C-alpha cells in the first residue's frame, strides 16, 4: 500500500488577484519556495514530494503520521502568505490512493472556499508496506537534445516523452508519473514486473521517438525506494540495459 | 524584438550522481530554490523567468545588460553547489531568439563539458522593443477539475491543454509557452493578432476539450507586459470574453 | 539533561576567500539561507536552533537521533556549496552540554582542516529529560526604542541588554542565551527557580537600564518548552508580572 | 554622502502572537528567509544589507532609486505573510543618515500601527558620493577561539569585540558597525583616516583583549567598497599589517 498526501494551497486563485493581479514572477517565486521548503520538510521524514501543478502537490508519505503533517501545515502558515490543506489516502494502487486523498480533501470544502483553511483530512494511513518507485530518463539526452536542439525544442521533446508516459502508466498501470527536471521522470507504481517496464519503454519509443531507460527500486521507506531506483538507473548506464530492478 | 536568456546549470548531470546518486528530493529542492532565487533576481530587473526543464531555464530579459547577467551568475556561484552558464539572443520571433541564445551557449561548450563554467555568451541584446505576452488559463478550472476530478486526473487535463498549446503556438506562431502553475500558461509571442488567439483557443477546445481564455499585454518592459496580460485575463473573467487585449 | 548539537561549516573561512574574496552580501545570503533551512529541518524534529555566529550554530535537540542528524547533513551537502560537521553532547547544565558537543567536534579536527568533512561525533544523546527554556523581551520596546530612538541606537540598546544577559546567565547560571530578533532573547537553562529570574531581570535593569520580562516553560520536547515560554511571556503582558512560569 | 535605507516589518510584534504565539523556530526561519532574500534583492542593485535586529534591517543603498525600493516592497508583500515599510536618508555621517532614515519612517507611523503598511518615505537620495567601508576580523580566530574554546565561549569572545567596537565607532566616529557572521564585523564610516583605525584596533585590544585587523575600501558603489575592504583584509593576512587601505 502506498500512502499519498495531496497538498493544496487554500483559496489560492482568488489570492493571486487580490486586491489586484500579482506579478507572475512573484507568484512563481512563492510557489517555487513553497515547493523547495516542502521538499525539505517532507524529505526530513523520508518522503518524496512532487510539484504536480504547484498549487496542488503530491507526496508519497508512508510512515508519516497525522502530527507530522500538521506540524508542516503550521510551519507553512507561519512563514507564507498562504495556508495549505491536506488529504491523505492509502491503497495498493497509487491511482486509488490519490482518489482517496482527493476525496478526503474534497470533504473539507472547495479549493476556493474562503472558509476552508489548514484542513487535514485522513482517509487511511499506511506505514509497513513496500513501495515501488521507477526512475526514467532519456538515453543520451545531452547529446541528442540539450547540445543539439535549441532549448525550447529540447524541452518539447522531453515534454512529449513525459506526456505520453504519464498518460500510459496512468491508464494502463494505475501509476502516477512526475517530471522532476532535466530529462527525469519518476513514477510511483503498484509493483510492476520488469517485463512491463520493457514494454512501456518500447511504447514510448514507438509513439514519440524518445528512448528511455528505467531503474526500479522498492522499500518501505519512500526515500529509499527512490534512491534504489536511481541506483538502478546508474546500473543501466553502466551495463547498457534498458530496465534494471535494483535489489 | 524579444531578448531571451538561456540559463543552463554547468555539468549538472554528472554532478547529480557524483560521487553517488543524490536523493531526488534534495535535487528537487536545490532546483526549486535556484528557480525561486532566479525569479527574484531576474524579477528585480523587471524580467520574466520560466523553469522550462529546471536545469535549463528561459528568461525574457529585454533591457538587461551583460553586467546584470554576470552579477547574477556570480551570486549563484557563491551560494549554490553548482554554477550556471548563459546565452543571450534577440529576434522579432521568440523561436528565433531562443535559437540564437542556444547557439551562443553551445559555442561555449557542451552542457556536460567539465571545463565549461559560468560562461556568458551574447549574440545580441535588445532594449527598446515592445514585447507581447499572452496569459492563458482554463475556464472554471476549480469547479471542473480541482474540485471534481482527483488530483492526478486534474493534472493530466491541465497538462494536456499545456502540451497541445505549447506545440501549436511553437509550430504555427513561433511562440514559446510555459506552464507556470495551477491552470496558467504564459506565452511569449511575436505580436499576434487577437483573431489568432481566438482561433488558438478554439483549436485547443477541439483537440483536448479544455476551454481556455487569454489576456494579452504589450510593453517594452517584460514584467509590465506580463502584468498587462494578467489584467487582460481579469477582464475576461469580468466580461466573459475569451480574448482581451489589455491596452 | 539537555542535548545540544553544535553545527559547524567545514573549512568555511578559506572557502569565503577562495579563489578570491566573495562579496559579503552573497555570503550573508548563503548563511541566512542555511540558517533558515536548518531552522526548518531541526524544527521538523521539534528542536530549537540558534544562529550563534552563523558559521557555528547551536541547537537544542533532545530526542533527535544520529540518523536524524546525518540526514540533515546529507541534505545540506546536496544543496549548498559547503558542508557541515556536527558534535552532540548532553548534560544537566547547558554550559557543560555545549562543552561536550564542542569537544566531540574538536576530536574530528579543526574548523579549518581541509580534510574534515561532514563529520558527526556524538558524546552522548538524551531523550527523556525535561528542558527549561526562558524567553525574555524588553518592556514596551516599540515605544521606548523602535519608535523613539533612531534604528541604530535602538539596536545598541537591545544589544546591550543581550550582551549583559548572555554573560550573566553564562557565568552565574550555566545558561546559554541567544538573540532571536526584535527585542527577544531565548535562554536554555538548567531549571532555574523563578526567584533567580526576578533577580536576573533586576540585574539587567541596574546594569544597562533596560527593563526585561520573562516567560519560562518546561517540556521534554524542546519546541514545546519554547512555546510554553512564549505563552508565559504573553501572560506577563496581560498581568504585568515580570516573571511567569507557564505550567 | 552615504544613503541608508531602514527596512522595518510592519506591525510585526502583534503578528508574532496573533492569534496565538507562533513557535520561535518558524519566526526565526521567516526572518532569516526575509534577510536572505533582501540580501539578494538589494545585492542585485549593488547595495549592502545588514540584519540589525531582523525586524529592522539597515542597507547602504547609494544609487538605488525610489522605484527600485518599491519594487522590492511589492515582491516581499507577494511572497511573505508580512509587509515592510522603508525610510531613506543620506548624509556625510552614517549616524546622521540613519537618523534621517528613521525620522522619515517614523513620520509614516509607529512600527505597531496597524494601518501603516508598505510605506516608503524618502528624506533624501544620494548617488555620486564615495562611501568608505571597513571590514574587521579577529586575528587567528580559528586557532584562538573556534578550535580552542567551547562554542559558546567563542561566541561570547567575538560578541564582546563586536559590542565594544560597535559602541566605540558609534560614539567616537559616527559609524555604524554590523556583525556579519564568524568573526567578521563591517563598519560604514564617514571616511576615517588609517591612523584612526589603528587606534580603534588598539582600543579594542585593551578593552576586551581581542586583536582585530581591518581592511578599508572606498567606492561610489556600496558593493565595490565592501569588496575592496575585503581585499584590504586579505592583504593584512598576507603582510601582517593591522590596517590596510585598499586603493
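Residue D:197 fulfils the conditions (1) assigned to a helix (DSSP H, G or I); (2) more than 19 Å from residue D:234 (Cβ to Cβ) except for a single criterion, (2). The set of residues from region A:78-104 being free of Cβ contacts under 8 Å to residues at least 12 places away in the same chain and under 17 Å from residue A:125 (Cβ atoms) comprises just one member, A:99. Screening A:6, A:38 for residues that are more than 21 Å from residue C:33 (Cα to Cα) and under 15 Å from the mean Cα position of the chain (by Cα) leaves exactly one candidate, A:6. Among the residues making up region B:110-157, a single one is without any contact (Cβ under 8 Å) to a residue 24 or more places away in the chain, part of a loop (DSSP other than H, G, I, E, B) and in contact with a strand residue (DSSP E or B) (Cβ under 9 Å, 6 or more places away or on another chain): B:150.
Would you mention how many residues in region D:64-105 are part of a loop (DSSP other than H, G, I, E, B), over 17 Å from the mean Cα position of the chain (by Cα) and buried (at least 18 other Cβ atoms within 10 Å of the Cβ)? Number satisfying all stated conditions: 3.
The number of residues in region D:38-52 that are within 8 Å of chain C (Cβ to nearest Cβ) and in a helix (DSSP H, G or I) comes to 4.
Within region C:51-63, the set of residues being surrounded by fewer than 24 Cβ atoms within 10 Å (Cβ to Cβ) and touching a residue at least 24 places away in the same chain (Cβ under 8 Å) comprises just one member, C:63. May I ask you to verify whether residue A:207 is more than 18 Å from the chain's Cα centre (by Cα) and within 26 Å of residue B:111 (Cα to Cα)? No, not satisfied. Residue check: residue B:146 meets all listed conditions (1) surrounded by fewer than 17 Cβ atoms within 10 Å (Cβ to Cβ); (2) more than 27 Å from residue B:22 (Cα to Cα) but one, namely (1). If you go through region A:163-177 and keep only what is surrounded by fewer than 23 Cβ atoms within 10 Å (Cβ to Cβ) and outside any helix (DSSP H, G or I), you end up with just A:174. Scan region A:178-204 for residues that are farther than 19 Å from residue B:167 by Cβ and free of Cβ contacts under 8 Å to residues at least 40 places away in the same chain and the total you get is 8.
Residue B:242 meets each of the listed conditions (1) surrounded by fewer than 16 Cβ atoms within 10 Å (Cβ to Cβ); (2) in contact with a strand residue (DSSP E or B) (Cβ under 9 Å, 6 or more places away or on another chain) apart from (1). Suppose the filter is touching a strand residue (DSSP E or B) at 6+ places or on another chain (Cβ under 8 Å), surrounded by 17 or more Cβ atoms within 10 Å (Cβ to Cβ) and either touching a residue at least 24 places away in the same chain (Cβ under 8 Å) or not in a loop (DSSP other than H, G, I, E, B) (or both); does residue C:160 pass it? So residue C:160 does not fit the description; no. Check region D:14-25 and report whether any residue there is within 22 Å of residue B:41 (Cβ to Cβ) and either crowded, with 24+ Cβ neighbours inside 10 Å or at pLDDT below 95 (or both). Scanning region D:14-25 turns up no residue that is within 22 Å of residue B:41 (Cβ to Cβ) and either crowded, with 24+ Cβ neighbours inside 10 Å or at pLDDT below 95 (or both). Here residue D:34 does not fit the description of being in contact (Cβ under 8 Å) with a residue 12 or more places away in the chain, at the interface with another protein chain (Cβ under 7 Å from one of its Cβ atoms) and assigned to a helix (DSSP H, G or I).
Just the residues that are in contact (Cβ under 8 Å) with a residue 40 or more places away in the chain, assigned to a helix (DSSP H, G or I) and crowded, with 17+ Cβ neighbours inside 10 Å, please, taken from region D:209-239.
D:222, D:223, D:225, D:226, D:228, D:229, D:230, D:232, D:233 - these are the residues of region D:209-239 that are in contact (Cβ under 8 Å) with a residue 40 or more places away in the chain, assigned to a helix (DSSP H, G or I) and crowded, with 17+ Cβ neighbours inside 10 Å.
The values are calculated or read from the model by the stated rules, or taken from the named source; none is laboratory data. Here the structure is a predicted model, which is why all the values come from computation and not from measurement. Heads up, the Cβs are rebuilt from the backbone with ideal geometry, glycines too, and the neighbour counts pull from every protein chain shown.
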